[in-house]
Structure formats: C-alpha cells, structure tokens
Amino acid sequence: MEAKGKALGIGILLFPGALVFFMTASEFALLKRTSVVTLSICGIFKEVVTISAAGIVFHDSLTPINISGLVVTIASIAAYNYIKIQKMRDEAMEEAHLTVEEYAP
C-alpha cells in the first residue's frame with residue numbers, strides 16, 4: 001500500500017470480495033430458477049473450461065484419456081441441456097394448449 005497508494009490497496013482488498021458476492025448472488029438466482037442439478041452441471045462446465053484453458057494457455061500436457069474425458073463431459077452437458085430444453089418446450093406447449101382450450105367457446 002505504501003508503494004501504490006491507499007486507494008489502490010483498498011481496491012485490491014475489496015475487488016475479490018465483490019467478485020465472490022456477485023458469484024454467490026448469481027448462484028442464488030440460478031437456483032431460484034432451476035435446480036441443484038443445473039448448478040452442478042455449471043460447476044462441471046467450469047472445471048472443463050479451467051482444464052482446457054490450462055492446456056491452451058500454460059501448455060499443460062493433456063493425454064488422450066484427458067482429452068476423451070473432456071469430450072465425453074462436454075457431450076454429456078450438451079445432452080443434458082438438450083433434454084432440459086425439450087422438456088421446457090413440451091411443458092410450454094402443453095400449457096399453451098390448456099390456455100387455448102380454456103378460452104375456446
């Protein structure tokens with residue numbers, strides 16, 4: 001703090017706390033709208049991004065088993081999202097049909 005000033009020192013201390021607060025708030029909003037499984041899937045996706053970034057940025061060696069694990073994980077996340085979206089669309093269509101039937105003469 002002596003070298004860079006008090007304002008920058010306080011900013012460096014407060015910035016990580018603000019990031020954690022906003023991350024927790026976004027997790028709460030996600031849980032409010034979806035389920036715990038979706039939050040878990042997001043955490044797994046974060047790990048995939050971290051591992052991929054380590055391989056690209058820091059040139060960490062990824063074995064074929066590591067790469068196949070990443071591919072399987074990404075495919076599984078995509079399948080989960082596809083099934084979830086299909087379910088949401090079916091529920092929305094069913095609700096729309098019930099609403100139309102309710103107001104039909």
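Within the chain, what whole-number % of the accessible surface is contributed by carbon and sulfur, with the 1.4 Å probe and all protein chains included in the calculation?
C and S atoms contribute 71 percent here.
Let me know the shape class of the stretch 1-41, please: from the alpha-carbon gyration tensor, a ≥ b ≥ c as square roots of the eigenvalues, rounded when a/c is under 1.5, otherwise prolate if a/b is greater than b/c, or oblate.
It comes out prolate by the Cα gyration axes.
Find the accessible area per residue for the chain; the probe is 1.4 Å, ligands and nucleic acids are left out, and the unit is Å².
With all protein chains present, the chain gives 85 Å² per residue.
Given the chain, what count of lysine pairs have C-alpha atoms under 21 Å apart, with each pair 8 or more places apart or on different chains?
Lysine pairs meeting both conditions in the chain amount to 4.
Measuring from label point to label point, each 7 Å out along Cα→Cβ, what is the residue 93 to residue 12 span in nm?
Using points 7 Å along Cα→Cβ, the separation is 5.8 nm.
What is the distance, in nm, between label points placed 7 Å from the Cα along the Cα-to-Cβ direction at residue 100 and at residue 45?
Inter-label distance under the simple model: 3.2 nm.
About the Cα centre, and with charges only on the beta carbon of Lys, Arg (+1) and Asp, Glu (-1), how big is the dipole of the chain? Nearest 20 debye, please.
Using Cβ point charges on Lys, Arg, Asp and Glu, the chain gives about 520 debye.
Among 10, 67, 29, whose Cα sits farthest toward the positive end of the charge dipole of the chain (+1 at Cβ of Lys/Arg, -1 at Cβ of Asp/Glu, about the Cα centre)?
Farthest towards the positive end: 10.
Once you have the alpha carbon radius of gyration of the chain, what is it after dividing by 2.2 N^0.38 Å, with N set to its residue count?
So the Cα radius of gyration is 1.71 times the expected 2.2 N^0.38 Å.
So what's the back-of-envelope 222 nm ellipticity for the chain, counting only DSSP H runs of four-plus at -39500 (n - 2.57) apiece and dividing by all residues, rounded to 500?
-31000 deg cm²/dmol
Just tell me, in residue order, which DSSP H segments of the chain are both 15 angstrom or longer along the helix axis (alpha-carbon based) and at least 1.0 in mean Kyte-Doolittle hydropathy.
6-33, 36-57
The values are calculated or read from the model by the stated rules, or taken from the named source; none is laboratory data. Nothing here was measured: the structure is a model prediction, and the numbers come from that model. Every residue, glycine among them, receives a Cβ derived from its backbone with ideal geometry; neighbour counts consider all protein chains shown. All accessible areas refer to the heavy atoms of the entire protein, side chains included, with ligands and DNA or RNA removed. Shrake-Rupley method; radii C 1.70, N 1.55, O 1.52, S 1.80 Å.
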